[in-house]
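Enquirer: Would you mind keeping the following structure in view while I ask a few things?
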Ligand code: GDP
Ligand code: IMO
Ligand code: MG
């Protein structure tokens, strides 16, 4: 019996999961998404092309790799069918290598209207949601009112849709929000036809059979630990468990079958949307990071907030998920900064702590930093022997603080721009 390795973002998302999963995919043969939905935007760059995936796992461009969308994912058929078109135009038909869980929940067009209505109602305290319908869809799942992918193959589907939409309309009325238009509904049904043309199965049996055959699976996380519904900066989080514990529930394998847990982090921090961000830089250094890292949302295009690496938050994420191996991305972005900082503790109520407090509010937390010398260009570095000494100091400080080795350092967006450290 083999195991499921799990790859997670350890910060506020956008750590480079798409790039790294695509890189690791050939060593696996099976890649599976277990939570989130089209709020995710996972970027892959190879052969001079760039693709942003929202629902489909990042192993899809590897012809010999099987991809699974697990039961924990929420699927918008409209986004899904656009994604299928884009991938197919480049890579040909993907129906032979993509499986969708019958138990995954559907994002209905009214879920997106509800998302917008709730955010508008929150005013200044809005979450900064991607407005992809994530929160309302998971709300319906938990309150046992959702519609699942498997339902689209059942005779009672139309009736189920009617009940769900009628309920949504009642809520929309309370918020004085508009109902669904006919064209939105038609687009949804066209998307459903595409979804129906894929293999819709009980993927938990597939997962079990794959592991029994002695093949390893890589589970691809979406978002990041600080956006986790339980352990993130609540309420400024997404509506799923983005930590390792989300993987067995979102794919249907036994927790004891979890193998290596890979934790990804950028050499600095970014966040898109609202909510606390202790090491955020509101000055020209933050602006320089945004520019150098091209930090604009892959899903919404919004500018990402930028700040220094936060080891207090990172250590917390490592603890919650039991991370075994670290992967550092975007190390090249810090090239050219004369000094680089890392937050190593927080001052809270006059005391220094390395633990993440209940509230991350900016008027209660003051990060304490250790400063490092900057380093030159990394983008052409191919081996660990060629890494500059100043970068190695930054890296080994991080490894010691977290007590875990860094196995890969990514130094550019392209598939090949990665340095093996082991
Ligand atoms: P994900 O959501 O974790 O998959 O990350 P995103 O794709 O949303 O954002 C990461 C962005 O950084 C994308 O534009 C990637 O192409 C890019 N990227 C990934 N790794 C690196 C890297 O090591 N260096 C640089 N400069 N860009 C990277
Ligand atoms: P990937 O997988 C970065 C953020 C949103 C918002 C909050 C809630 O690409 O790393 P939601 O749409 O879930 O209601 O938004 O979470 N968010 C992300 N930020 N990367 C993501 O995914 C994100 N998915 C959601 O900006 O603050
Ligand atoms: Mg992203």
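Each reported figure results from applying straightforward, stated rules to the coordinates on display, with no laboratory input. Just so you know, these numbers come straight off a predicted model, no measurement behind them. Here Cβ is always computed from backbone atoms with ideal geometry, including for glycine, and neighbour counts include all displayed protein chains.
Enquirer: Could you name every one of the strands (runs of 3 or more DSSP E) located completely within the range 12-103 that has at least 2 residues being closer than 28 Å to residue 152 by Cβ?
Expert: Passing ranges, in order: 30-33, 49-53, 66-69, 98-101.
Enquirer: Could you identify the single residue in 332, 380, 324 that is surrounded by 12 or more Cβ atoms within 10 Å (Cβ to Cβ) and within 22 Å of residue 293 (Cα to Cα)?
Expert: Being surrounded by 12 or more Cβ atoms within 10 Å (Cβ to Cβ) and within 22 Å of residue 293 (Cα to Cα) holds for just one of 332, 380, 324, which is 332.
Enquirer: For the range 255-262, indicate whether the set of residues that are buried (at least 17 other Cβ atoms within 10 Å of the Cβ) and within 16 Å of ligand 2 (Cβ to nearest atom) is non-empty.
Expert: yes
Enquirer: Within the range 78-89, restricting attention to residues that are in contact with a strand residue (DSSP E or B) (Cβ under 9 Å, 6 or more places away or on another chain) and surrounded by 21 or more Cβ atoms within 10 Å (Cβ to Cβ), which residue is nearest to residue 184 (Cα to Cα)?
Expert: 80
Enquirer: When you check residue 92 against the structure, is it out of contact with any strand residue (DSSP E or B) (no Cβ under 6 Å at 6 or more places or on another chain), under 20 Å from residue 7 (Cα atoms) and away from ligand 1 (no atom under 16 Å from the Cβ), yes or no?
Expert: no
Enquirer: Let me ask another. Which of the following residues is more than 23 Å from residue 208 (Cβ to Cβ), surrounded by 23 or more Cβ atoms within 10 Å (Cβ to Cβ), in contact (Cβ under 8 Å) with a residue 60 or more places away in the chain and within 15 Å of ligand 2 (Cβ to nearest atom): 40, 32?
Expert: Sole residue among the options that is more than 23 Å from residue 208 (Cβ to Cβ), surrounded by 23 or more Cβ atoms within 10 Å (Cβ to Cβ), in contact (Cβ under 8 Å) with a residue 60 or more places away in the chain and within 15 Å of ligand 2 (Cβ to nearest atom): 40.
Enquirer: Hey, another quick one. Give me the pairs: first residue in the range 267-294 and free of Cβ contacts under 8 Å to residues at least 24 places away in the same chain, second residue within 16 Å of ligand 2 (Cβ to nearest atom) and assigned to a helix (DSSP H, G or I), beta-carbon distance under 7 Å, and six or more apart or on different chains, which are they?
Expert: So the pair list comes out empty.
Enquirer: Among the residues of the range 208-227, which ones are part of a helix (DSSP H, G or I) and either surrounded by fewer than 24 Cβ atoms within 10 Å (Cβ to Cβ) or out of contact with any helix residue (DSSP H, G or I) (no Cβ under 8 Å at 6 or more places or on another chain) (or both)?
Expert: Those that are part of a helix (DSSP H, G or I) and either surrounded by fewer than 24 Cβ atoms within 10 Å (Cβ to Cβ) or out of contact with any helix residue (DSSP H, G or I) (no Cβ under 8 Å at 6 or more places or on another chain) (or both): 208, 209, 210, 211, 212, 227.
Enquirer: Could I ask something else about it? Could you identify the single residue in 75, 60 that is touching a residue at least 60 places away in the same chain (Cβ under 8 Å) and surrounded by 21 or more Cβ atoms within 10 Å (Cβ to Cβ)?
Expert: So the residue among 75, 60 that is touching a residue at least 60 places away in the same chain (Cβ under 8 Å) and surrounded by 21 or more Cβ atoms within 10 Å (Cβ to Cβ) is 75.
Enquirer: I'd like to know if the range 43-54 contains one or more residues that are buried (at least 24 other Cβ atoms within 10 Å of the Cβ), in contact (Cβ under 8 Å) with a residue 24 or more places away in the chain and within 16 Å of ligand 3 (Cβ to nearest atom). Quick ask: steps written out before the conclusion?
Expert: Narrowing the range 43-54 to residues buried (at least 24 other Cβ atoms within 10 Å of the Cβ): 53.
From what's left, in contact (Cβ under 8 Å) with a residue 24 or more places away in the chain: 53.
Within this subset, residues satisfying the condition of being within 16 Å of ligand 3 (Cβ to nearest atom) are 53.
Yes.
Enquirer: Another question about this same structure. For residue 300, only one of the following conditions fails: (1) assigned to a loop (DSSP other than H, G, I, E, B); (2) in contact with a strand residue (DSSP E or B) (Cβ under 7 Å, 6 or more places away or on another chain); (3) surrounded by fewer than 23 Cβ atoms within 10 Å (Cβ to Cβ). What is its number?
Expert: If we test residue 300 against (1) assigned to a loop (DSSP other than H, G, I, E, B); (2) in contact with a strand residue (DSSP E or B) (Cβ under 7 Å, 6 or more places away or on another chain); (3) surrounded by fewer than 23 Cβ atoms within 10 Å (Cβ to Cβ), just (2) comes out false.
Enquirer: Can you tell me which condition residue 306 does not meet? The list is (1) away from ligand 3 (no atom under 16 Å from the Cβ); (2) free of Cβ contacts under 8 Å to residues at least 40 places away in the same chain; (3) closer than 20 Å to residue 341 by Cα, and all the others hold.
Expert: Checking residue 306 against (1) away from ligand 3 (no atom under 16 Å from the Cβ); (2) free of Cβ contacts under 8 Å to residues at least 40 places away in the same chain; (3) closer than 20 Å to residue 341 by Cα, the one that fails is (1).
Enquirer: Here's something else I'd like to know. Quick one: would you say residue 67 is over 23 Å from residue 300 (Cβ atoms), more than 14 Å from ligand 3 (Cβ to nearest atom) and touching a helix residue (DSSP H, G or I) at 6+ places or on another chain (Cβ under 8 Å)? Before the answer, list the steps.
Expert: Numbers: over 23 Å from residue 300 (Cβ atoms): yes; more than 14 Å from ligand 3 (Cβ to nearest atom): yes; touching a helix residue (DSSP H, G or I) at 6+ places or on another chain (Cβ under 8 Å): no.
It is false that residue 67 is over 23 Å from residue 300 (Cβ atoms), more than 14 Å from ligand 3 (Cβ to nearest atom) and touching a helix residue (DSSP H, G or I) at 6+ places or on another chain (Cβ under 8 Å).
Residues are listed down the side, and each one gets a yes or a no for (1) part of a helix (DSSP H, G or I); (2) under 25 Å from residue 225 (Cα atoms):
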position: 359; (1), (2): no, yes
position: 368; (1), (2): no, yes
position: 377; (1), (2): no, no
position: 382; (1), (2): no, no
position: 385; (1), (2): yes, no
position: 393; (1), (2): yes, no
position: 400; (1), (2): yes, yes
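Enquirer: Now, a different point. Listed residues 209, 166; which is over 20 Å from the mean Cα position of the chain (by Cα), more than 16 Å from ligand 2 (Cβ to nearest atom) and under 27 Å from residue 131 (Cα atoms)?
Expert: Going through 209, 166 in turn, the sole match is 166.
Enquirer: Can residue 230 be described as over 21 Å from residue 25 (Cβ atoms), within 17 Å of the chain's Cα centre (by Cα) and surrounded by fewer than 15 Cβ atoms within 10 Å (Cβ to Cβ)?
Expert: Spelling it out, residue 230 is indeed over 21 Å from residue 25 (Cβ atoms), within 17 Å of the chain's Cα centre (by Cα) and surrounded by fewer than 15 Cβ atoms within 10 Å (Cβ to Cβ).
Enquirer: On the basis of being outside any loop (DSSP other than H, G, I, E, B) and surrounded by fewer than 12 Cβ atoms within 10 Å (Cβ to Cβ), does residue 161 make the cut?
Expert: Working: outside any loop (DSSP other than H, G, I, E, B): yes; surrounded by fewer than 12 Cβ atoms within 10 Å (Cβ to Cβ): no.
No: the conditions fail for residue 161.
Enquirer: Against the conditions (1) assigned to a loop (DSSP other than H, G, I, E, B); (2) surrounded by 22 or more Cβ atoms within 10 Å (Cβ to Cβ); (3) touching a helix residue (DSSP H, G or I) at 6+ places or on another chain (Cβ under 6 Å), where does residue 115 fall short? Just the number, please.
Expert: Status for residue 115: all satisfied but (1).
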